[in-house]
1. Out of Gly173, Gly227, Gly162, report the one residue that is in a loop (DSSP other than H, G, I, E, B), under 21 Å from Leu261 (Cα atoms) and modelled with pLDDT under 85.
2. Report yes if Arg16 is over 20 Å from Glu123 (Cβ atoms), in a helix (DSSP H, G or I), assigned by TED's automatic domain parsing to the domain that holds Gln144 and of a type outside the set (A, V, I, L, M), otherwise no.
3. Looking only at residues in the stretch 1-10 that are part of a helix (DSSP H, G or I) and loosely packed, with under 15 Cβ neighbours inside 10 Å, which one is modelled with the highest pLDDT?
4. In the stretch 241-263, how many residues are over 19 Å from Ala179 (Cβ atoms) and either touching a residue at least 12 places away in the same chain (Cβ under 8 Å) or outside any helix (DSSP H, G or I) (or both)?
5. Are any residues in the stretch 29-71 closer than 21 Å to Arg11 by Cα and part of a loop (DSSP other than H, G, I, E, B), and if so, which ones?
6. Can you tell me which condition Ala76 does not meet? The list is (1) over 26 Å from the mean Cα position of the chain (by Cα); (2) farther than 14 Å from Thr39 by Cα, and all the others hold.
7. Just name the residue that is surrounded by the most Cβ atoms within 10 Å (Cβ to Cβ) out of those in the stretch 101-123 that are out of contact with any helix residue (DSSP H, G or I) (no Cβ under 7 Å at 6 or more places or on another chain) and modelled with pLDDT of 95 or more.
8. With (1) in a loop (DSSP other than H, G, I, E, B); (2) at pLDDT 80 or above as the list, and Pro274 as the residue in question, which single condition is left unmet?
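The values are calculated or read from the model by the stated rules, or taken from the named source; none is laboratory data. Computed from a prediction, not measured in an experiment: that's the story for all the values here. Using ideal geometry, Cβ is built from the backbone for each residue, glycine included, and neighbour counts are taken over all protein chains shown.
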Amino acid sequence: MPEMVEAVELRTALLRLRRASGLPVVFGGLLQEGATGRTVRIAELSGAVTPALRGLAISAGSGLGGKCLALSRPCAVTDYQASRHITHEYDVPVSAEGLRSVIAVPVVVRRKVRGVLYGALRESLPIGERVFDAAMAAARDVEQALAVRDEVRQLLAPPPPGPSWEEVRAAYGELRELAPKVLDPGLRDRLLAVCGRLESASGTAPALPGVALTPRETDVLAAVASGATNATAAGRLGLRPETVKGYLRSAMRKLGAHTRLEAVVAARRAGVLP
C-alpha cells in the first residue's frame, strides 16, 4: 500500500512537471536498495511512445540519472548520445524513445537521494531556466510527500523496547508543524487525526470544560513543549514571531497559565497535548 501511494505522488509530480515545462516526455522512479547497490527503477512515464524506458534500473554513476544519483544534484545534457560527460549504458533505450536533450533532478529527503525525475526533448536544445525550475519544483513536491509519509510510518510503527514518552511528544510536535504545510487536504486531515490519537493516548483526562484551543494555538504550544523559542517556533510554523506570541498569550489565557511552562503543563493535564 505505501508503494502504491508513493507511485501516485510520483505520477502526480511528473504530470505537473510536464504541464509546467512543456516537455514532451517526463519519467522517473524511486530508489531501491539491494544486494547490487543503489538503483532507481523507472516506474512512471508520461509522453513516452515506446516501452523502452519502463522498468529500466539506473545504477549510481551510470548514465545521466546515475550521475544525478551519485552526485545528489541536477544534471543535464543537450545531446544524450554524444555527451562526453556521462557513461552510455542506456543509449539503446534512450535512442529507442528518440530522446536527445535530457535533465535529471534528484529527490532528496534528509540529505539522502530517494529518487530521480527526468524531463526530455526529442531535439538537441539547451535546457532553459523555466524547465529547470519546473523540474526542481516537481522534485520538491515528491520530497515533501515522502518526508510526511516517513514521519507517519515511523509514528505508527511498533514502539521499540522501553519507549520514551518524550520521543512521542517530540514526534507529535513535528507532525503538528508538518500538517499546515501539506497541500493535500486528505493527507493533512489524516495527520491531524494521528495527532488526535496521540493526544488520546497520553492517558490524561478529557479536555477541561471551556478549554478550546484553536489548531494554531495547539501548534504553538506543541512547539513550545519541545523547548522551542518564539523565534524557532515561528520558523518551524511559517509564522512571524509576533504572531507566535499572540497565539501563545491566547492559549495561556484559556488555560489560566501565567508562564510558558505552566501553559504546557496545563495543556497536558487538559488532554490538549500528549
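1. It is Gly227.
2. yes
3. My answer is Val8.
4. So the count comes out to 10.
5. Residues satisfying the conditions are Ile42, Ala43, Gly47, Ala48, Val49, Thr50, Pro51, Ala52, Leu53, Arg54, Gly55, Leu56.
6. Every listed condition holds for Ala76 apart from (1).
7. Ala120
8. That leaves (2) as the condition not met.
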